[in-house]
Structures are given as C-alpha cells and as structure tokens.
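A.B. asks: To start, I am sharing the structure in question, which I have written as structure tokens.
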Amino acid sequence: MKNVLDSIRARYQYAWVVLRGLVKTDFRLRYQGSFLGIAWSVLKPLMMFCVMYLVFAKFLRMSDGTPTYPVVLLLGISSWQFVTESTNVGLRSVVDRGDLLRKIHFPNYIVVVSATMGAFISYIINLGVVLLFALILHVQFTWRVLLLPLNIIELYAIALAITLIMSTMYVYYRDIAHIWDVLQQLIFYGMPIIYPLSYVTSQGGLLADLARLELVNPFAQSIQDIRHNLIAPETQPTIWNQFHNPLIQWFPVVFTVFMLWLGVYLFRRNSRQFAEVM
C-alpha cells in the first residue's frame, strides 16, 4: 500500500513540476520580443476599456449612471479577456506542443492547463489594476468580497472545460479555431459586459425578460457575480436576485460542472491517439 501511495505521490509531483515549467515558459514566450513585455497583459484590456467606455457610456449613453460604472466595465472586459485568451491559446496547445508530447512522457492535459494558467496569471494582474481603480473611485467594499474566489473558480472552470473540449476537437478538425472566433464574438455581445444589464431590464417587457435570460449563460453569470460581489452589489443584477426558482439559479453552476466533466472525459478518451493523429 505504501509503495502505491509513493508511486501516486511521485507521479503528481512530476506532473506539478512539468506544469510549473510549462506555465513559466508560456508566459515568457507570450511577450518575448515585445518592447513593453508583460505590460501588454494590462494594456490590452485597458485600451479596449477606453474604446468601449467612450462609445457605449459617453456616445450611446448606455450606462447605469453610477460613479462605479467605469470600474464595472473594466472588470467585465478583463474577465472576458481572460476567457478569450485562455481558450484561443488553449485550443491549439496540444497541436503546438505535439513535438514535446511525442518526445517526453507526461499527462497530455498539462499542456492545456498550462495555457489557461498563463491567461489566469494575466487575469490576476488585471484584477490588481481593477482594485487600484476601485480605490481611486472610492468603491465601498462589502462582505461579499469573500465570495469572489468562488466566482473566479467558476469562471476558470467553465473556461477550462470549453478549452479541453475544443483542444480535443482541434487535433482532428482545425476548423474549430475559426468557428470559435465567431462564437466568442456572439457570446461577447450576447452578455451584459459592454452594456449594463439594468439598462435593458429597466425598459420592461419581453426585452427585459430576454435580457435576464442572458444570466443563464455560465460566462455571464460568473462575470456578473464577480462584478456584484467586488464592486457594486446595489447596481449589478445577478441570477440570484433576478430569478427566484432554484433550478434556474443553480443551472449555470451545474452546467459548468457537467461541462468540466465532459471536457475531462473527452480529452482523456482521445489523448492516447493525439500523437498518431498529429
């Protein structure tokens, strides 16, 4: 029994060493040759925030009218930037690391996790920038900040689940990358990120009901929860206060768990064939 436990411990220690090495390598290569380097992980969402804020908040007047809205917008853009970066890099990770997978024996899922972890590090840096803006705008933090780690874990889980599924499919079908480029644009504009959900729900009627259904999307639900618990619990609607049916409230969480299980299952089932296919 002791030998079995030692073998399992050694296996996971080896996997951890490989994962840590790949994360460091990926993070360094991501900004290699760039003059600003790692600063781009902060500048990209900031630049997008400036454009979106000028267009939607100032020009189109799509704002919740509160002083904290700029921080809410920046937090939403940073959160979605993490999703797009982790999935876009992660879905190609198995193919990009094909030579390494053929030469060195280690669990294939590590290359996918390392890609998402690199994006997650950038996300944590961006959260630090968001906190700085929040302090400048005198955001009043509440006890709900304690729920933030759960929201971030959920967002990472659904991003990892989608990445595992797409990275498996990408080995066989390269068209997945182009399909995902279109889908992520549809998902982005179908979520209350660049416009406040309250702006639509306040108009009432069928449009308001359809807007609330956006929260059934796990991406929208987790990002909106992050905004609600960190910045503005009074002005940010969530699935927990927009619906009173527990089946609807817990659907995104249950769906995330299911998708993560499905992603792990599909990846493990096909991982042994990756080297042959590539």
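The values are calculated or read from the model by the stated rules, or taken from the named source; none is laboratory data. Because the structure is predicted, anything quoted here is derived from the model rather than measured. Positions of Cβ are backbone-derived with ideal geometry, glycine not excepted, and every protein chain shown enters the neighbour counts. For accessibility, only protein heavy atoms count, side chains too; no ligands or nucleic acids. Shrake-Rupley method; radii C 1.70, N 1.55, O 1.52, S 1.80 Å.
A.B. asks: Percent relative contact order of segment 218-278, based on C-alpha pairs within less than 8 angstrom and at least six residues apart?
C.D. replies: Dividing the mean separation by the residue count of segment 218-278 yields 26 percent.
A.B. asks: Near Q249, within a Cβ-to-Cβ distance under 15 Å, what is the net charge of the other residues, with Lys and Arg +1 and Asp and Glu -1? Working shown, then result.
C.D. replies: Values: positive: R212; negative: E154, E214, D225.
Taking every Cβ under 15 Å from that of Q249, the sum is -2.
A.B. asks: How large is the accessible surface per residue of segment 116-182, computed with a 1.4 Å probe and reported in Å² as a whole number?
C.D. replies: On the way: 3370 Å² over 67 residues.
Counting only protein heavy atoms, the per-residue value for segment 116-182 is 50 Å².
A.B. asks: Can you work out the accessible area per residue across segment 215-278, with the rest of the protein chains kept in place, probe 1.4 Å, in square angstrom? Could the numbers behind the result be given before it?
C.D. replies: Details: 3370 Å² over 64 residues.
Per residue, segment 215-278 has 53 Å² of solvent-accessible surface.
A.B. asks: Can you tally the net charge around T168? Count Lys and Arg as +1, Asp and Glu as -1, for every other residue whose Cβ sits under 11 Å from the Cβ of T168.
C.D. replies: So the surrounding residues net to +2.
A.B. asks: Quick one: pull the percentage of alpha-carbon pairs in segment 151-226 with a separation above 17 Å.
C.D. replies: The calculated P(r) of segment 151-226 puts 54 percent of pairs beyond 17 Å.
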